[in-house]
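Since the structure comes first, as structure tokens, the remarks are kept for the end.
The values are calculated or read from the model by the stated rules, or taken from the named source; none is laboratory data. None of the values given here were measured: they were computed from a predicted structure. Cβ placement follows ideal geometry from the backbone for every residue including glycine, while neighbour counts extend to all protein chains displayed.
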Amino acid sequence: MSIRIDKYVWSVRLAKTRSQATEQIQKGKIKLNGSQVKPSRDVKTGDVIQIIKNTAVFEYKIRDVLDKRIGAKLVADYLIDVTKPEEIERFKTYIAAQSTYRNYGTGRPNKHDRKNIDDFLMWDDGSEDEEDL
């Protein structure tokens with residue numbers, strides 16, 4: 001039995017909808033055996049799916065193929081998570097950095113916030129004095 005990669009990714013709940021799975025594959029965020037593929041590519045047992053999330057690459061090995069969407073508790077019967085521990089740490093670090101950067105729901109920085117951030121980071125405004133040269 002063979003199944004399209006976009007349908008498989010949706011079936012094992014790696015993507016919320018099938019159209020999101022197709023879009024991610026077309027953007028190169030989901031790869032099969034390390035190479036970029038089209039959404040219509042068939043998957044088989046033993047293939048490895050790589051999913052790029054922010055700065056980390058998650059890897060899943062296909063145990064078995066299926067033809068319909070399954071419950072979250074049954075995903076372990078069809079996928080094996082073979083993600084390297086350093087990739088998981090990289091993802092956790094990214095998430096922590098994002099949550100501490102700005103509190104959720106506060107929106108974009110306003111002019112006063114931007115000035116405080118620039119002062120804290122001591123960014124140069126881009127102009128150079130002739131004396132510095």
Query raised in the report: Right, residue 32: surrounded by 15 or more Cβ atoms within 10 Å (Cβ to Cβ) and closer than 19 Å to residue 1 by Cβ or not?
Result: yes
Requested in this report: Answer yes or no as to whether residue 75 is more than 18 Å from the chain's Cα centre (by Cα), surrounded by 14 or more Cβ atoms within 10 Å (Cβ to Cβ), at pLDDT below 95 and part of a loop (DSSP other than H, G, I, E, B).
Outcome: no
Report summary line: In the range 14-25, anything under 15 Å from residue 53 (Cα atoms) and either in contact with a Gly (Cβ under 9 Å, 6 or more places away or on another chain) or surrounded by 12 or more Cβ atoms within 10 Å (Cβ to Cβ) (or both) is listed as 14, 15, 20, 21, 23, 24, 25
Report summary line: Given (1) surrounded by 18 or more Cβ atoms within 10 Å (Cβ to Cβ); (2) touching a residue at least 40 places away in the same chain (Cβ under 8 Å); (3) under 16 Å from the mean Cα position of the chain (by Cα), residue 5 misses just (3)
Query raised in the report: Within the range 35-49, restricting attention to residues that are surrounded by fewer than 18 Cβ atoms within 10 Å (Cβ to Cβ) and outside any loop (DSSP other than H, G, I, E, B), which residue is farthest from the chain's Cα centre (by Cα)?
Result: 42
Report summary line: Flagged in the range 55-69 as surrounded by 14 or more Cβ atoms within 10 Å (Cβ to Cβ) and touching a residue at least 40 places away in the same chain (Cβ under 8 Å), in numbering order, are 60, 62, 65, 66
Query raised in the report: Which of the residues that make up the range 78-88 are in contact (Cβ under 8 Å) with a residue 60 or more places away in the chain and either at positive phi or assigned to a strand (DSSP E or B) (or both)?
Result: 79
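From 25, 52, which residue is assigned to a strand (DSSP E or B) and aliphatic (A, V, I, L, M)?
Working: 25 fails: assigned to a strand (DSSP E or B).
Among 25, 52, only 52 is assigned to a strand (DSSP E or B) and aliphatic (A, V, I, L, M).
Here is a yes/no grid of residues against (1) in contact (Cβ under 8 Å) with a residue 24 or more places away in the chain; (2) out of contact with any strand residue (DSSP E or B) (no Cβ under 9 Å at 6 or more places or on another chain); (3) over 29 Å from residue 98 (Cα atoms); (4) aromatic (Phe, Trp, Tyr):
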position: 14; (1), (2), (3), (4): yes, no, no, no
position: 21; (1), (2), (3), (4): no, no, no, no
position: 53; (1), (2), (3), (4): yes, yes, no, no
position: 76; (1), (2), (3), (4): no, yes, yes, no
